Amino acid sequence: MRFFLDTANLEELKTGARWGVVDGVTTNPTLIAKEGVPIEEQIRKICDIVNGDVSAEVVATDTDGMLTEGRKLAKIHKNVVVKVPLTRDGIRACSLFSREGIRVNVTLCFSAGQAILAAKAGAYFVSPFVGRIDDTGWNGMELIRDIVQIYKNYSFTTQILAASLRHSNHVIDAAKAGAHVGTMPFKVLDALFSHPLTDKGLDQFLKDYAKAFQDAPVSR
Ligand code: E4P
């Protein structure tokens, strides 16, 4: 499973990149707005930090507008994946982009039927939003499992990018379901490191070692 960070914050991205476990980035208009920097400038900076797919979302809602914005975004860097919403205009833009060789992430996917449309339109990624479905009282992970099965049945090549992952179990369950990618906020990636037995075990190892060697440092 590839790990993407769902953020436009450069400090979070630098930290994640230093850990060597970040394979890409997803952004959306909300995340870009939070940083207060125009999208083209921010996406360029992100591409300098993370060597992997970087999703940049259009804000136009009509196909022509999406095509104009998306082509501009795609020119920023070879790793940019243009993100479009799962609307009629978005799916049409996705079909046209894919014929031009521009990779597309179809976002705001909330049903298996929508995921089939994205695959048929040649999407590179489809982004089902797990957490937002959970918020409505339904089971977001069921959607991931359904899409994995349907895409397998028809050998669709669109990759499933499990999005709106809110905690560690979402990441683990998306991996068990077979999502190709999980995109998560920095705090969720950070939380994956934590286990009380790791801290306890390390503490014990260090204490035992220090006791045996009277606090002498390891010779270099
Ligand atoms: C994905 O591309 C979205 O930016 C994101 O995962 C949405 O997450 P949220 O529902 O926690 O805002």
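Descriptive notes on the structure:
- Within the option set Ile49, Ile91, being touching a Leu at 6+ places or on another chain (Cβ under 9 Å), under 25 Å from Leu192 (Cα atoms) and at pLDDT 95 or above holds for one residue only, Ile49.
- Here is the figure for region 154-193: residues that are surrounded by fewer than 17 Cβ atoms within 10 Å (Cβ to Cβ), among the β-branched types (Val, Ile, Thr) and either within 11 Å of the ligand (Cβ to nearest atom) or part of a loop (DSSP other than H, G, I, E, B) (or both) total 1.
- Any hit, region 22-37, residues being more than 14 Å from the ligand (Cβ to nearest atom) and within 17 Å of the chain's Cα centre (by Cα): yes
- Hey, Leu117 away from the ligand (no atom under 13 Å from the Cβ), of a type outside the set (Ser, Thr, Tyr) and either touching a Cys at 6+ places or on another chain (Cβ under 8 Å) or over 28 Å from Asp48 (Cα atoms) (or both) or not: yes
- The single residue among Thr15, Thr7, Thr26, Thr61 that is out of contact with any helix residue (DSSP H, G or I) (no Cβ under 9 Å at 6 or more places or on another chain) and more than 15 Å from Lys78 (Cβ to Cβ) turns out to be Thr26.
- Residue count for region 131-153, restricted to those that are assigned to a helix (DSSP H, G or I) and either within 16 Å of the ligand (Cβ to nearest atom) or in contact (Cβ under 8 Å) with a residue 40 or more places away in the chain (or both): 10
- Residue match in region 121-130 (condition: surrounded by fewer than 18 Cβ atoms within 10 Å (Cβ to Cβ), out of contact with any Pro (no Cβ under 7 Å at 6 or more places or on another chain), modelled with pLDDT of 95 or more and in a helix (DSSP H, G or I)): no
- Screening Gln214, Gln149 for residues that are surrounded by 10 or more Cβ atoms within 10 Å (Cβ to Cβ) and more than 18 Å from the chain's Cα centre (by Cα) leaves exactly one candidate, Gln149.
- Scanning region 44-70 for residues that are without any contact (Cβ under 8 Å) to a residue 40 or more places away in the chain and within 14 Å of the ligand (Cβ to nearest atom) returns Ile46, Val54, Ala56, Val58, Val59.
The values are calculated or read from the model by the stated rules, or taken from the named source; none is laboratory data. This is a predicted model, so every value here is computed, not measured. Positions of Cβ are generated from backbone atoms using ideal geometry, with glycine treated the same way; all protein chains shown enter the neighbour counts.
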